[in-house]
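The values are calculated or read from the model by the stated rules, or taken from the named source; none is laboratory data. Please read these numbers as outputs of a predicted model, since none were measured by experiment. Cβ: placed from backbone, ideal geometry, glycine included. Neighbour counts: every protein chain shown. Accessible surface areas use protein heavy atoms only, side chains included; no ligands, DNA or RNA. Shrake-Rupley method; radii C 1.70, N 1.55, O 1.52, S 1.80 Å.
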Amino acid sequence: MIFFLISSKHFASEFKTDTRRRLIRPMAQEQAQARSRATNKIALASLSAMVAETTTFPIDITKTRLQLHAAAHPVSAFQVATDILRKQGVTGLYKGLSPALLRHLFYTPIRTVGYEQLRHAFISHDNDSLSLPSKALIGGISGVIAQVVASPADLVKVRMQADGRMVSQGLEPRYAGSLDALTKIINAEGYKGLWRGVFPNIQRAFLVNMGELACYDHAKHFVIHNQIASDNIYAHTLASMMSGLTATTISCPADVVKTRMMNQVVNEDGSYKYRNSYDCLIKTVRFEGFRALWKGFFPTWARLGPWQFVFWVSYEKFRLIAGLPSF
């Protein structure tokens, strides 16, 4: 009898242990698979962003130079691009590319994967899609987080792009390269200087990603749901075109303010031309008119459109090849 009781307890203990192992093992495997999928998404987002950035960077530098021009000397995007080619050659169109690529190693994966994670967190079992305002909100939040992390690289990129304009005017450039720019900014302005313009930057990031991520997601769902196209390159192209136009329209004023805030340096008396983003906004409207807030709209749109197309088509294709579900 005693032997039977001992055997029963031993069998029950072994059964519980075995059951626990069987439950824990699938959970551990699911967690490992989830981490692997997230890592793959981050890597593919970075790769797609770098491809898109390299392809469209000449348009970006044209847009940045155009936004830095004052109203007293109005020029067109074509004149700016032609002037860069004439004075600096083709390499001048890629001035500041390295910090731009570095920025996208952090910025794009954080915002895209972050958006996807937040979207899944808010989707209930009874509803497979969020409303557009909800998507806009989580898109904006993802963009803000990503921009705070990537702001130093964005600052270096803008400063180096502006340096090319100084060279074209016969002036000495402020920085010899990305590392030199980073070192000089820290020495002259401290580590806080790396986040100069971070507030107009995150304002722009919120608006851009509110328009870009939410619009792409919603537009793709609309196109597929209404059987305009299946989940393929046609749906991705239509959705990217819609998101590019929306993001440009919403974010262009913040982009102008961000560019001017990040490009300004300390004057000899220790002051700055603009005290903050609001001061920059007011002075731009007062001295250059309300339309100046959309200065560089067409170059911005001309860049965002191709950028969105290259990025989303590449990203969706890479995900398909890697065995990941569509965005």
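Restricting to the stretch 183-203, name every residue that is among the polar types (S, T, N, Q), open to solvent by 40 Å² or more (accessible area, probe 1.4 Å) and within 21 Å of Pro109 (Cα to Cα). First the steps, then the outcome.
Let us first name the residues in the stretch 183-203 that are among the polar types (S, T, N, Q), namely 183, 187, 201, 203.
Applying the additional criterion that residues be open to solvent by 40 Å² or more (accessible area, probe 1.4 Å) yields 183, 187, 203.
Answer for the stretch 183-203, where residues must be among the polar types (S, T, N, Q), open to solvent by 40 Å² or more (accessible area, probe 1.4 Å) and within 21 Å of Pro109 (Cα to Cα): just Gln203.
Can you confirm whether Phe318 is within 20 Å of Asp217 (Cα to Cα), open to solvent by 50 Å² or more (accessible area, probe 1.4 Å) and not in a loop (DSSP other than H, G, I, E, B)?
On the way: within 20 Å of Asp217 (Cα to Cα): yes; open to solvent by 50 Å² or more (accessible area, probe 1.4 Å): yes; not in a loop (DSSP other than H, G, I, E, B): yes.
Spelling it out, Phe318 is indeed within 20 Å of Asp217 (Cα to Cα), open to solvent by 50 Å² or more (accessible area, probe 1.4 Å) and not in a loop (DSSP other than H, G, I, E, B).
With the requirement that a residue be open to solvent by 60 Å² or more (accessible area, probe 1.4 Å) and either within 21 Å of Leu102 (Cα to Cα) or of a type in the set (A, V, I, L, M) (or both), what does the stretch 204-223 give you?
Phe206
So which of Gly289, Gly323 ends up being modelled with pLDDT of 85 or more and either touching a Cys at 6+ places or on another chain (Cβ under 8 Å) or under 18 Å from Ser76 (Cα atoms) (or both)?
Only one candidate qualifies: Gly289.
Yes/no matrix, rows are residues, columns are (1) over 20 Å from Tyr107 (Cβ atoms); (2) of a type in the set (Gly, Ala, Ser):
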residue	(1), (2)
Thr248	no, no
Pro253	yes, no
Thr259	no, no
Gly270	yes, yes
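Could you give every pair whose Cβ atoms fall below 7 Å, whose first residue belongs to the stretch 291-303 and is within 19 Å of Pro58 (Cα to Cα), and whose second residue is basic (Lys, Arg) and in a helix (DSSP H, G or I), counting only separations of at least 6 or pairs across chains?
As it stands, the answer is Gly296/Lys63; Pro299/Lys63; Thr300/Lys63; Arg303/Lys63, since those pairs meet every condition given.
Can you tell me which residues in the stretch 247-285 are open to solvent by less than 50 Å² (accessible area, probe 1.4 Å) and closer than 30 Å to Asn226 by Cα?
Scanning the stretch 247-285 gives Ala247, Thr248, Ser251.
Restricting attention to the stretch 236-246, which residues are hydrophobic (A, V, I, L, M, F, W, C) and surrounded by 24 or more Cβ atoms within 10 Å (Cβ to Cβ)?
At the first step, the residues of the stretch 236-246 found to be hydrophobic (A, V, I, L, M, F, W, C) are 238-239, 241-242, 245.
Of everything in the stretch 236-246, just one residue is hydrophobic (A, V, I, L, M, F, W, C) and surrounded by 24 or more Cβ atoms within 10 Å (Cβ to Cβ), namely Ala239.
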